[in-house]
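The values are calculated or read from the model by the stated rules, or taken from the named source; none is laboratory data. Predicted model only: the values in this text are computed from it and were never measured. Every residue, glycine as well, gets a Cβ built from its backbone with ideal geometry; the counts of neighbours run over all protein chains shown.
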Amino acid sequence: MPTKLLLVEDDAALAGLIADYLRQNGFLVDIEPRGDLAAATIHATPPDLVILDLMLPGMDGFAVCRSVRERYTGAILMLTARDDPIDQILGLELGADDYLTKPVDPRLLLARVRMLLRRVSPPAVAADPAPAGCDVLRFGELECNRRSRQVLLAGAPLPLSTAEFDLLWLLASRAGEVIGRESLLESLRDLGFDGEDRSLDARVSRLRKKLDERGDLDRIKTVRSQGYLFRPGDSA
């Protein structure tokens, strides 16, 4: 079945060009020019990936990302003319998986889309240090299932983006060990992540916040000048 993309872009001419190029490369592409309607569409019929502009009528891209990320676990790629690093960091903190600035070479956009989709559907053998055959990790009331790519906390699903799940699995599979930033970045790049230190910090912060909000406090610790530590607690 062809992969379905939702392009949220209010510039009709640009949206048409992008959609045509992606369709020529085998994707099904729906276009939505309004932010508020895009949020409703993502909730009602979730696409495999969302390409999201920031300056939209009805609701800006930041608000769209914030409103859907709690339940939507597909990839979100922000594509916008706003190139301020603060906007990029905010987008990543709100749950975007990648951020590109306009104008963009369509070949680069296609490469990023394919990269993000590979992370949504990872290979059977993941590039991480978990023991062979280990598909479920449990730490007290926290359970991570690599095969289904689902996380349960106190028996209830914890919605995570693809990038957040990859990060959590890498940290949890080396619980009790301080993982250096470079080592973590290298492992994430094997899974398709091509960001740098600041975007990694944003992803860790977002993941930590989700765990904290559900009562799993201080699970991920920052070790100054060294990296990150996943505290196993009552591991099973």
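Residues in the stretch 28-57 that are in contact (Cβ under 8 Å) with a residue 40 or more places away in the chain, farther than 14 Å from PRO106 by Cα and not charged (D, E, K, R): PRO47, LEU49, VAL50, LEU52, MET55, LEU56, PRO57. Flag not set for ARG69, criterion: touching a strand residue (DSSP E or B) at 6+ places or on another chain (Cβ under 9 Å), over 25 Å from ARG149 (Cα atoms) and of a type outside the set (Val, Ile, Thr).
The rows are residues; the columns are (1) modelled with pLDDT of 80 or more; (2) in a strand (DSSP E or B); (3) at positive phi; (4) more than 19 Å from the chain's Cα centre (by Cα).
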| residue | (1), (2), (3), (4) |
| --- | --- |
| VAL125 | no, no, no, yes |
| ALA132 | no, no, no, yes |
| CYS144 | yes, yes, no, no |
| ARG174 | yes, no, no, yes |
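Of everything in the stretch 145-159 that is in contact with a strand residue (DSSP E or B) (Cβ under 6 Å, 6 or more places away or on another chain) and not β-branched (Val, Ile, Thr), the residue that is surrounded by the most Cβ atoms within 10 Å (Cβ to Cβ) is LEU158.
At pLDDT below 90 and not polar (S, T, N, Q): does that describe ARG118? So ARG118 passes the test. Looking only at residues that are under 23 Å from the mean Cα position of the chain (by Cα) and hydroxyl-bearing (Ser, Thr, Tyr) in the stretch 8-46, which one is farthest from THR101 (Cα to Cα)? That would be THR45. Here PHE193 does not fit the description of being within 21 Å of ILE89 (Cα to Cα), at pLDDT below 90, assigned to a helix (DSSP H, G or I) and aromatic (Phe, Trp, Tyr). Do the conditions hold for ALA202, that is, is it over 18 Å from ARG71 (Cβ atoms), surrounded by fewer than 19 Cβ atoms within 10 Å (Cβ to Cβ) and at pLDDT below 85? Answer is no for this residue. Identify all residues within the stretch 37-69 that are among the charged types (D, E, K, R), surrounded by fewer than 24 Cβ atoms within 10 Å (Cβ to Cβ) and within 21 Å of ARG114 (Cα to Cα); write none if there are none. Selection gives ASP48, ARG69. Looking at LEU188, is it outside any loop (DSSP other than H, G, I, E, B), at pLDDT below 85 and outside the structural domain of GLN88 (by TED's automatic domain parsing)? In short, yes.
Note on the stretch 10-31: residues that are crowded, with 16+ Cβ neighbours inside 10 Å and assigned to a helix (DSSP H, G or I) amount to 4. Scanning the stretch 93-114 for residues that are of a type outside the set (Val, Ile, Thr), within 26 Å of LEU17 (Cβ to Cβ) and touching a strand residue (DSSP E or B) at 6+ places or on another chain (Cβ under 9 Å) yields ALA96, ASP97, ASP98, TYR99, LEU100, LYS102, LEU108, LEU109, ARG112.
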